[in-house]
Protein chains: 2
Amino acid sequence: MNLSPGQLDILFQALGDPTRRAILERLARGPASVTELAAPFDMALPSFLGHVRRLEAAGLVATAKDGRVRTVTLVPGAFTPVRGWLDEQRALWEGRLDRLDDYVTRLMKERANGSGSED
Amino acid sequence: MNLSPGQLDILFQALGDPTRRAILERLARGPASVTELAAPFDMALPSFLGHVRRLEAAGLVATAKDGRVRTVTLVPGAFTPVRGWLDEQRALWEGRLDRLDDYVTRLMKERANGSGSED
DNA sequence: TCGATACTTAGCTTCTTATCTAAGTATATC
DNA sequence: GATATACTTAGATAAGAAGCTAAGTATCGA
């Protein structure tokens with residue numbers, strides 16, 4: 001299950017804004033209407049709605065309109081690709097350390113076998 | 001150990017670009033010079049350097065100039081705040097599920113104790 | 001039906017980002 | 001010392017993001 005090329009871009013970019021992260025933090029405690037969500041922020045509603053839309057485009061939240069109220073909910077698994085990339089990155093790094101370790105180990109064994117003639 | 005308000009912004013934003021993520025992936029395998037790093041990308045060097053600078057500003061890489069060559073290396077722990085935020089977010093979410101679970105459990109017990117008079 | 005509520009759309013301004021080309025500086029190599 | 005290499009700086013441009021106000025639409029509640 002590979003993700004489309006730009007998906008990670010959209011996700012990381014969506015997370016790169018304090019307002020949007022705050023929205024997600026709020027939503028982790030349960031769904032809320034747009035107005036409810038917007039209340040803590042000193043921002044015009046259209047501006048705020050832009051953030052919600054961006055989160056929605058990233059697949060981090062889902063919204064549904066019932067009557068005149070739009071309810072926003074967190075999409076639980078949406079962080080997975082981000083975590084995935086981070087984990088991969090860590091694996092790469094640790095793989096490198098392992099190889100470095102191997103290398104040093106081999107080097108030391110060679111020294112122990114001790115021709116001792118190198119400078 | 002709390003991080004400055006904008007640190008997460010800068011980190012997430014730095015990661016929200018495919019070129020920059022590719023640079024990090026390459027660097028996980030070991031340090032490289034700017035020109036070396038730039039080779040796979042169809043991009044003018046000044047543009048490319050901009051990306052390296054952004055990664056450096058985010059603390060994700062360190063650079064050092066020796067002679068005319070600037071060597072770029074990964075900063076290992078730099079992802080920690082990102083992971084941290086992601087983990088927190090997950091904890092919040094799971095905390096919510098737990099409470100939901102408690103709630104449902106309590107509800108079912110009440111039913112079992114069965115006054116059965118609520119609608 | 002009328003007013004209030006909850007968005008929604010449209011249009012504008014400003015700032016930032018991602019690019020580029022052209023030209024400059026500092027080292028290394030011959 | 002002349003040339004080549006490896007950045008580096010300095011603009012210029014175009015696109016995108018974040019914010020605003022003003023005005024519109026659709027419900028809800030009395």
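The values are calculated or read from the model by the stated rules, or taken from the named source; none is laboratory data. Everything numeric in this text was worked out from a predicted model, so none of it was measured. Note that we place each Cβ from the backbone using ideal geometry, even for glycine, and neighbour counts take in every protein chain shown.
What the table below lists for this structure:
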{"item": "Residues satisfying the stated conditions in the stretch A:1-29, i.e. outside any helix (DSSP H, G or I) and either touching a residue at least 24 places away in the same chain (Cβ under 8 Å) or under 22 Å from B:G6 (Cβ atoms) (or both)", "result": "A:L3, A:G16, A:D17, A:A28"}
{"item": "Unique match (being modelled with pLDDT of 95 or more and either more than 23 Å from the chain's Cα centre (by Cα) or part of a loop (DSSP other than H, G, I, E, B) (or both)) among B:M43, B:M108", "result": "B:M43"}
{"item": "Subset tally (residues that are in a helix (DSSP H, G or I) and within 12 Å of DNA strand D (Cβ to nearest atom)) for the stretch B:52-92", "result": "3"}
{"item": "Test: residue in the stretch A:40-51 that is touching an Asp or Glu at 6+ places or on another chain (Cβ under 9 Å) and within 14 Å of DNA strand C (Cβ to nearest atom)", "result": "yes"}
{"item": "Residue check, A:G77 among the small types (G, A, S), more than 13 Å from DNA strand C (Cβ to nearest atom), modelled with pLDDT of 95 or more and surrounded by fewer than 18 Cβ atoms within 10 Å (Cβ to Cβ)", "result": "no"}
{"item": "Boolean, B:F12 is farther than 19 Å from A:F12 by Cβ and not assigned by TED's automatic domain parsing to the domain that holds B:R83", "result": "no"}
